[in-house]
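Just below is one structure, and these are the notes that go with it.
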Amino acid sequence: MPAARKWSSSSLSETSPLLPSSASIEMSSNTGESSSAARRAVFLGVDVGTGSSRAGLFDEQGRLIGSASSPIQIWKEKDCIEQSSTDIWHAVCTAVKAACSLASVVPEEVVGLGFAATCSLVAVDSDGSPVSVSWTGDARRNIIVWMDHRAVNQAERINANDSPVLQYCGGSLSPEMQAPKELGLLVGTPVGTALIDAHAGGVGTMESLPETESKDNVANEEAICHRMVLVCGTSTCHMAVSRNKLFIPGVWGPFWSAMVPEYWLTEGGQSATGALLDHIIENHVAAPLLANRAASQSISIYELLNKILESMMQERKVLFVSALTEDMHVLPDFHGNSLYSANEMEIMLGCCIILPRESETVLLGAAILGAVAAQKYTGLHEAMRALNAAGQVIHPSEDAKVKKYHDAKYQIFKSLYEQQLSHRSIMTQALQ
């Protein structure tokens, strides 16, 4: 879970030193002539991710005016994945100061501050000093990262009890969840919680509606119950809220007021999504060539790959990009996940996909929490409606051939999955 330790905003300027000048910082700004602005109301959001700490500054329209990130160290040894809260706090301070400098924001303009972080366990003593959780005894390593799997036995013990509480977690617990990790602590150790990064992303996204959406629908408190939020990064979280208490096998929740007050939260997730896409691209034999070509064109590898696919579509005279995989069928089973891009999802589900105007939705969600804490809004839902905004809207294809194609691909996917289960069963029996 997030750290039990509470860090005050005053320590950013008074007690927390910047990292050495060699520290890597990524920054971006949309401020324009921001230096001439007088005493704006600015909301600061901080997100502690898996690989970096990020800070974003937003105006009263929910627009990002400046952001920065600073990398954080991570130790990986088999199933044990650890970090340092001291290192993370230094990275947070570096990112916040860099973002403020980039956006020409002075401390007096920041009226609200909110934090979000990965669902990791942080060990500190009564004075807030780090306590090692590492088998190595390294005093710096006091965080069990969310993706750590040392608690497999603890998760199995919990699941073996067949407790009715497990229905709130889809029927079983993963070793990545809080309870298995906490069983590794001494009995009586207090554990504090806060808003995890995925939930902050939901706060920063769920009210991102197209301008064509009717105001009556926006004001309808049930409307929010007909949306699903996907917060994507290293992993992906799928979240929906409801007025009703819904139990769905294999899906986490319902959790009362866990993300949006007075609503039940239901969520699922995939532990590796963006990380798998990066893994495939970065480990491909053509990765160095792609990187060089992308750099020469001043575009990302992903933009280059999309351009290549468009060219291939024209050369092979296929009707749509997905048809390039007509004879390619893959069951992506790196960690029990199945991967689909946004276009394929909206075709299969028949729903439009709304991308938020601001890509840094976790930072925006954290900033919204700060805005509510500063009493700029009467509540979280009002703040979400005021500061969320829609960007690109992706509509399902109306081409019957496209739908027929994806229906066929889905049938093959299900067949591959069923065959894999059968093959595993055959080999398991052979080894008994």
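Restricting attention to the stretch 100-137, report how many residues are among the β-branched types (Val, Ile, Thr) and free of Cβ contacts under 8 Å to residues at least 60 places away in the same chain.
4
Can you name the condition, by its number, that Ala198 falls short on among (1) closer than 25 Å to Gly128 by Cα; (2) modelled with pLDDT under 90?
In the conditions (1) closer than 25 Å to Gly128 by Cα; (2) modelled with pLDDT under 90, Ala198 misses (1) alone.
Only one of (1) within 16 Å of the chain's Cα centre (by Cα); (2) at pLDDT 90 or above is not met by Gln270, so which one is it?
(2)
For the stretch 76-104, give me each residue that is surrounded by fewer than 21 Cβ atoms within 10 Å (Cβ to Cβ) and of a type in the set (Gly, Ala, Ser).
Ser101, Ser104
Which one of Ala151, Ala155, Ala117, Ala179 is in the same structural domain as Gly66 (by TED's automatic domain parsing), under 25 Å from the mean Cα position of the chain (by Cα) and not basic (Lys, Arg)?
Step by step, each of Ala151, Ala155, Ala117, Ala179 is checked, and only Ala117 is in the same structural domain as Gly66 (by TED's automatic domain parsing), under 25 Å from the mean Cα position of the chain (by Cα) and not basic (Lys, Arg).
Inspect the stretch 51-68 for any residue being at pLDDT 90 or above, β-branched (Val, Ile, Thr) and out of contact with any strand residue (DSSP E or B) (no Cβ under 7 Å at 6 or more places or on another chain) and give the result as yes or no.
no
Does Ala258 meet the test of being among the aliphatic types (A, V, I, L, M), under 17 Å from Thr205 (Cα atoms) and not in a strand (DSSP E or B)?
Yes: the conditions hold for Ala258.
Would it be correct to say that Thr136 is among the polar types (S, T, N, Q) and surrounded by fewer than 20 Cβ atoms within 10 Å (Cβ to Cβ)?
yes
Please go through (1) in a loop (DSSP other than H, G, I, E, B); (2) under 23 Å from the mean Cα position of the chain (by Cα) for Lys245 and return the number of the only condition it doesn't satisfy.
The single condition Lys245 does not satisfy is (2).
Going residue by residue through the stretch 308-318, is there one that turns out to be assigned to a loop (DSSP other than H, G, I, E, B) and either of a type in the set (Lys, Arg) or buried (at least 17 other Cβ atoms within 10 Å of the Cβ) (or both)?
Checking the stretch 308-318: at least one residue is assigned to a loop (DSSP other than H, G, I, E, B) and either of a type in the set (Lys, Arg) or buried (at least 17 other Cβ atoms within 10 Å of the Cβ) (or both).
Return the residues of the stretch 237-269 that are closer than 18 Å to Ser174 by Cβ and surrounded by fewer than 19 Cβ atoms within 10 Å (Cβ to Cβ); say none if nothing qualifies.
His238, Phe247, Ile248, Pro249, Gly250, Val251, Phe255, Gly268, Gly269
The values are calculated or read from the model by the stated rules, or taken from the named source; none is laboratory data. All of these numbers come straight from a predicted model, not from anything done at the bench. Note that we place each Cβ from the backbone using ideal geometry, even for glycine, and neighbour counts take in every protein chain shown.
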